[in-house]
Amino acid sequence: MELRQLEYFVTVSEEASFTRAAAKLHVAQPGVSAQVRQLERELGQALLDRSGRTVRLTEVGAAVLPYARAALASVSGARLAVDELAGLMRGHVAVGMVTSCPAAELPDLLAGFHRDHPAVEITLAEGNSDRLLEALRAGRLDMALIGSAGPPPAGIETQVVVDEPLVAAVSRSDALSASTRITLAALRTRPLISLPRGTGLRAALDDACAGAGFQPRIAFEASDPGVLAQLAARNLGVAILPASVAHAHPAELHALTITRPRLRGRIELAWRADGPVSPAARALIGHARSGLATPSADHEHAA
């Protein structure tokens, strides 16, 4: 079994195509096919189903894939560790962030890391929290800023970056604008405006509504909290928003504190707790943990 065979197998599984994998690897397609077939012969099992229009993993292939990725990551980490001991810092780090992330410090943080380690390539991608966590576990991301509604999943460590109340925001012409507080149960029949499933804010809302014995009536979904605020300002429903977003539109929105239960929105820095971590990724995580301050106890218990 050769590392090249594992690399070709992983690339074909990610691209779902031998042709696209060959193009990505800058090798001839027959060479990719031959190396993957040799790997299958050595293992005695088919790893890929080639019968459809796209290449899919077999059950055995799905079981082998994480080990193949781990083997490739270990070799890459070993090479980077040698560079680090030689006084170099090279490699690539991949960072993820939720679309609604309010952490204005992130650009400065990445710029500072680049200034200290100019030979390290940095990439940044957006996505919902569930997809970012999946990418972290699979090793496609080294670090991510995620929305959180509870404890981190197994194998992931987190540090709270933002922690603030979630409020019910309505237009100034809504009858609810005469109140300052509202229970979650009182929103049972109201059309709600929320971030989509897979986000920490939506998970917090869904979990709280389930605990109150009802399913929220979601009328509008958008991945940008600013869009949610504009929809609520046009009297299209009640937007569930972080307090800072609602208070940023004082002329258009009225924010009500949600009681019984109180909801909170958190942004957390997340990284893998186990598995191989490259020296560059380890340095970035340490840099981020120092640069992204954890909210104080006073802030966490505000409102």
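Just so it is clear, none of the values below were taken in a lab; they were calculated from the coordinates. For clarity, every value in this text was computed on a predicted model and none was experimentally measured.
Computed from these coordinates, which is volume of the Cα convex hull per residue in Å³: (i) 152; (ii) 136; (iii) 167?
Matching entry in (i) 152; (ii) 136; (iii) 167: (iii).
Normalised by the number of residues in segment 3-84, what is the relative contact order in percent for Cα pairs under 8 Å and 6+ residues apart? Write down the numbers at each step before the final one.
Working: 73 pairs, mean separation 24.9, N = 82.
Here the relative contact order equals 30 percent.
Per 0.36 nm of contour for each residue apart, how much would the distance between THR54 and ALA70 grow if the chain were fully extended, relative to their Cα-Cα spacing? Working shown, then result.
Working: separation 16, 0.36 × 16 = 5.76 nm, distance 2.46 nm.
Value of the extension gain: 3.3 nm.
Given a cut-off of under 8 Å on Cα pairs at least six residues apart, what relative contact order in percent is computed for segment 182-231? Could the numbers behind the result be given before it?
Working: 51 pairs, mean separation 22.4, N = 50.
Relative contact order, segment 182-231: 45 percent.
With an 8 Å Cα cut-off and a minimum separation of 6 or more residues, compute the relative contact order for segment 154-244 in percent.
Over segment 154-244, the number comes to 43 percent.
How large is the Kirkwood hydrodynamic radius of segment 3-84, counting all unique pairs of alpha carbons, in Å?
13.1
Out of all DSSP beta bridges in the chain, what portion is antiparallel? Express it as a percent rounded to 5. Present the calculation step by step, with values, prior to reporting the outcome.
Numbers: 25 of 44 bridges.
Among the beta bridges of the chain, antiparallel pairing accounts for roughly 55 percent.
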